[in-house]
Amino acid sequence: MRKKYAAGNWKMNKTPKEAVELAEMLKPKMTTDKAEVVFCVPYVDLIPIADVVKGSNILLGAENLHFEDKGAYTGEISAPMLKEIGVKCVVIGHSERREYFNETDETVNKKIFKALEYGLTPIFCCGESLAEREDGITIERIRIQIKKGMKGLSAEQAKAVVVAYEPIWAIGTGKVATTEQAQEVCKAIRDVLSELYSKETADEISILYGGSVNGGNAEELFKMPDIDGGLVGGASLKEDFEKIVKAF
Ligand code: 13P
């Protein structure tokens with residue numbers, strides 16, 4: 001049985017002090033045996049939040065990593081650094097990184113390999129733009145992102161990846177994809193994974209939906225057969241995240 005996830009992506013929000021306050025407030029509300037709960041937080045918040053979540057069911061997540069172990073990459077953070085402080089998951093290829101920080105399918109692929117090498121769970125993001133959806137090329141776009149992002153991964157490695165489908169037009173806009181739209185693409189992702197590996201492998205890979213998920217719409221989304229949870233931005237910074245964690 002593949003795992004379910006309620007993963008918060010805090011993005012560039014919360015100073016370390018604010019982050020601790022938020023995590024302390026959320027922590028007692030996060031108990032569930034139905035899903036993995038993840039807080040993906042800014043780099044400087046990782047160490048203080050590691051302390052807060054210690055002994056709880058909350059997994060610590062980062063929002064990015066570099067694909068080399070170390071070296072002359074000013075401003076970057078490596079997988080061994082994340083590993084040492086207790087990070088379990090890492091968001092890779094978020095559309096905001098693709099748009100503003102030159103992330104490409106090729107760097108995403110290298111980062112997924114590096115995360116897996118260090119036992120970190122990659123939360124691998126894909127998604128189409130509004131123009132791509134309007135042009136009717138959503139599925140083609142997603143299939144390319146999946147094929148390039150996961151290029152060269154063995155079936156065993158692929159099973160350790162969590163895929164997050166995040167339509168760019170639904171991120172931070174309050175415009176959530178309909179459950180049918182989200183299910184259609186998550187199913188298409190499972191189909192391409194099935195072609196690349198096997199149905200058995202594809203059935204073990206968790207696929208999340210992200211884009212304006214909130215306490216009011218999570219349950220309906222998570223009921224869909226190919227949606228195994230959510231990658232949540234804005235609503236993960238509020239008490240509302242409890243409703244998402246309890247929506248399974
Ligand atoms: P919102 O939930 O704020 O739309 O953000 C989604 C997202 O980008 C999560 O990675």
Please find, among 197, 165, the residue that is more than 12 Å from the ligand (Cβ to nearest atom) and either of a type in the set (Ser, Thr, Tyr) or surrounded by fewer than 19 Cβ atoms within 10 Å (Cβ to Cβ) (or both). 197
Hey, could you check the stretch 168-194 for residues that are within 11 Å of the ligand (Cβ to nearest atom) and free of Cβ contacts under 8 Å to residues at least 60 places away in the same chain and say which is most open to solvent (accessible area, probe 1.4 Å)? 175
Over the stretch 227-248, the set of residues more than 11 Å from the ligand (Cβ to nearest atom), assigned to a loop (DSSP other than H, G, I, E, B) and open to solvent by 20 Å² or more (accessible area, probe 1.4 Å) is 239, 246, 248
I'm trying to understand the selection: among the residues of the stretch 208-225, which are within 20 Å of residue 94 (Cα to Cα) and either open to solvent by 20 Å² or more (accessible area, probe 1.4 Å) or assigned to a loop (DSSP other than H, G, I, E, B) (or both)? 211, 212, 213, 214
Restricting attention to the stretch 97-138, report how many residues are more than 16 Å from the ligand (Cβ to nearest atom), under 17 Å from the mean Cα position of the chain (by Cα) and open to solvent by 60 Å² or more (accessible area, probe 1.4 Å). 2
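The values are calculated or read from the model by the stated rules, or taken from the named source; none is laboratory data. Fair warning: this is a prediction, and the values are worked out from it, not measured in the lab. Positions of Cβ are backbone-derived with ideal geometry, glycine not excepted, and every protein chain shown enters the neighbour counts. Surface accessibility is based on the protein's heavy atoms, side chains included, excluding ligands, DNA and RNA. Shrake-Rupley method; radii C 1.70, N 1.55, O 1.52, S 1.80 Å.
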